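So the structure is just underneath, and the comments pick up after that.
Read-outs throughout are calculated quantities, based only on the coordinates presented, and are distinct from any laboratory measurement. It should be emphasised that the depicted structure is a prediction, and the values quoted were computed from it without experimental measurement. Glycine gets a Cβ as well: all are built from the backbone with ideal geometry, and neighbour counts include every protein chain shown.
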Protein chains: 12
Amino acid sequence: MSYGDDRIYKKVEIIGVSKRGLEAAIQAAVAKAHKSLDKLSWFEVQDIRGHVGDDGMIAEYQVVLKVAFQIKE
Amino acid sequence: MSYGDDRIYKKVEIIGVSKRGLEAAIQAAVAKAHKSLDKLSWFEVQDIRGHVGDDGMIAEYQVVLKVAFQIKE
Amino acid sequence: MSYGDDRIYKKVEIIGVSKRGLEAAIQAAVAKAHKSLDKLSWFEVQDIRGHVGDDGMIAEYQVVLKVAFQIKE
Amino acid sequence: MSYGDDRIYKKVEIIGVSKRGLEAAIQAAVAKAHKSLDKLSWFEVQDIRGHVGDDGMIAEYQVVLKVAFQIKE
Amino acid sequence: MSYGDDRIYKKVEIIGVSKRGLEAAIQAAVAKAHKSLDKLSWFEVQDIRGHVGDDGMIAEYQVVLKVAFQIKE
Amino acid sequence: MSYGDDRIYKKVEIIGVSKRGLEAAIQAAVAKAHKSLDKLSWFEVQDIRGHVGDDGMIAEYQVVLKVAFQIKE
Amino acid sequence: MSYGDDRIYKKVEIIGVSKRGLEAAIQAAVAKAHKSLDKLSWFEVQDIRGHVGDDGMIAEYQVVLKVAFQIKE
Amino acid sequence: MSYGDDRIYKKVEIIGVSKRGLEAAIQAAVAKAHKSLDKLSWFEVQDIRGHVGDDGMIAEYQVVLKVAFQIKE
Amino acid sequence: MSYGDDRIYKKVEIIGVSKRGLEAAIQAAVAKAHKSLDKLSWFEVQDIRGHVGDDGMIAEYQVVLKVAFQIKE
Amino acid sequence: MSYGDDRIYKKVEIIGVSKRGLEAAIQAAVAKAHKSLDKLSWFEVQDIRGHVGDDGMIAEYQVVLKVAFQIKE
Amino acid sequence: MSYGDDRIYKKVEIIGVSKRGLEAAIQAAVAKAHKSLDKLSWFEVQDIRGHVGDDGMIAEYQVVLKVAFQIKE
Amino acid sequence: MSYGDDRIYKKVEIIGVSKRGLEAAIQAAVAKAHKSLDKLSWFEVQDIRGHVGDDGMIAEYQVVLKVAFQIKE
């Protein structure tokens, strides 16, 4: 691929959830989508949320992402 | 599923249309997506619109939704 | 299809890229989605961006679109 | 009217108020605008609000809408 | 109270949840806030969401609201 | 008019321009709309802008407003 | 008219539809509003949408605009 | 307090109403919240609205604010 | 608590500040609110900001959050 | 300069701070930018905030603005 | 430059004005910024507006853009 | 500097890119701007994006920031 060639991308909205932190939640969702959808080009964070445990600790991060991949002919 | 396990959700944007009212339009779209996509976890209303008949009555409600479901391994 | 019948649409987000201008970028993405997804009903422009070449000329337009099509039974 | 003919629509912002519920507030505003402005084609809900009575019951729904109609030659 | 007198209101964000529909979710939250916070003047709907049951039926509506009440001296 | 009666309002977007300040720009637009449209109920400020003179002084304030009035039968 | 004089503008929301492209849709709506409303000063594009034909070609562009004109005494 | 120390603030949404103008409406709400909530650090204007009297004069300004204060241990 | 029971949540806006990073700022605010308000269910990140020291290093992260908890009878 | 000639403007984001009120904060920032950047054409208010003193009085207004000026050849 | 290397970009907001159409307005602004600021990498359209002549024809397009370029060491 | 003195800040939009994570991307951009523009006071995160490598790993984080610094006389 090079700039200047006509082409099409698709964006899909996914939510990565991880108790291991923000970047882990993003990476887990990206890796999963990369494998099941198609080879991803980029991601965009839409929202950052999370669940709080009974002890007041962050039990998990939930990161809403858009991921994009090129649609091949 | 329980909070704290790493997991991934996907969100899809659909539009439910019904002449039977707002909730009917949401339910119809949710039921359809539940059957054809995957077992849904939740929905989010994005926009509420509708078509008006020649008699000035609301001919149908059009509700733009995002529906979310867990992507299983 | 006629107004008043209950039905469902799906919206998908795509990005059309073309060096031939804004409308060419939209048309290319619409035509591609029409063929690979389903017969489209309408599109909505979300964002207009582009890449600039080393000579300061617009090397390509990148138009982010939502395209919608009816989900048949 | 058929798709493909050049034409113009106008959108007007109105607020329907009714104690009989959300859909009643929308229908009342649509019917009124249909009669006094012009034959409406569609509506879009902008905001949903309401007044609360002294007894804690919803005294009325106030729905902000845009309604659209074709401008004839 | 009459228009023209200096006064202060406070807005609080609450979420009403009900399986009985949109208006029931709004009314339940308004009634609860009316009793525990203060006599409410109005509400504004911020977001409409919901949970989907295993059978594809809407298990509950979740309506995010802002409710407003006057702060008395 | 009292809360609880079904009724309809219309909102119109206007821009008040005045060199005498923000409030003067709002008041001038409100007074003008009140006279030419109908007896206004309320206004909402949408945007505040202005023109700068050659001397770096604010030459005029331009306030974009929505004004609302009840549509009588 | 010159900067610095108090004055009022009104903004109206219209939708221009044309199969001949984006600029044609804007120009058609502007020309029509210019004739039927009042001599326009400027326009602002709010949204760009369109209808897709059965052949996957853009059947028409629909451009949502705000147009503004000065209200004379 | 100094930058660099871990600490927590809370933001509360209030509406100041005054017939004496924009700044009076802000100041009244800030003073009231300062006394009844806690010693405020800053405010952010969210919306500016107002009521119009029968004579077309602005009867009162209504300014929606967020006010913030530090939560002490 | 289980899905399907009518219930009410409240959301409160807080700002967590920490020099130890983004997640520390979120966790500190969540822990504090959990203790002083009520047992939290979830949080939503609204804004990420920070203060820069004289040496160009990030002196502290300031994360604006909404935190939510169930209102018990 | 006259309408219809091709030309370029630049917008810069600045924050005017003044204890003397909203308009003073805007004017101070505009005058400063007019002198140090270039002869400004217009400004747009983005946000209005302020600092509150220990006595609950508004200690200063902080107005976030965009200012625009023509880039000459 | 290649993906994976730490680097910094700057975005600047400009407005391209041209009577020759949307793309001409974008291209003119991009070319100008490319020459006077730095070698641009990409642009993002923020707003499309325009001036209307006395004859109801679009006298010029005004396109608000953000342009981005890499800051070199 | 102390609160209450009239002063002016400027905000500039930059994008920090780093493969070492979110905070590294923010810190790199802040440090760079601090050196080349002026001594920064604060930053605001606008957007978080990133590039995905062929192996499905996040190849780099791209954080869009606004950074602010005081304009001295």
Counted neighbours (other Cβ, 10 Å), sorted fewest up, put D:Lys72, D:Lys19 in the order D:Lys72, D:Lys19
One residue of chain D has its C-beta nearest the axis rotating D onto A; that residue and its distance in whole Å are D:Asp47, 13
Which residues qualify? For J:Asp6, with a placed amide H closer than 5 Å and at least 5 residues away or on another chain, they are K:Lys19
Reduced to Cα centres, the span from segment F:40-56 to chain J in Å works out to 13
Across I:66-72, the residue-averaged tally of Cβ atoms belonging to other chains within 10 Å stands at 3
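Which value at 222 nm does the protein assembly as shown reach when only helices count, each DSSP H run of 4 or more adding -39,500 (n - 2.57), with the total divided by all residues and rounded to the nearest 500 deg cm²/dmol? Please list the in-between numbers first.
Numbers: 12 runs with 180 residues, N = 876.
The helix-only estimate for the protein assembly as shown comes to -6500 deg cm²/dmol at 222 nm.
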Of B:45-53, J:8-16, ordering from highest average Cβ density within 10 Å down gives J:8-16, B:45-53
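Kindly give the semi-axes, whole Å and largest first, of the ellipsoid equivalent to chain D, taking each as the square root of 5 times a Cα gyration tensor eigenvalue.
Working: eigenvalues 191, 20, 14 Å².
That gives 31, 10, 8 Å for the three semi-axes.
Take peptide G:54-65, look around each residue's Cβ out to 10 angstrom, count Cβ atoms belonging to other protein chains, and average those counts. Walk me through the intermediate numbers first.
Numbers: counts 3, 3, 9, 4, 8, 4, 6, 4, 6, 2, 3, 5.
Per residue, the number of nearby Cβ atoms from other chains is 5 on average.
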Here the convex hull volume per residue of the protein assembly as shown, taken over Cα atoms and given in Å³, is 164
So, relative contact order of chain D in percent, Cα under 8 Å, 6 or more apart, is 43
Tilt, helix L:22-36 to longest principal axis of chain L (alpha-carbon atoms), in degrees rounded to tens, equals 40
Given backbone amide H placed at 1.01 Å from N, residues whose amide H is under 5 Å from that of K:Trp42, ignoring those fewer than 5 places away on the same chain, are C:Val52, K:Ala68
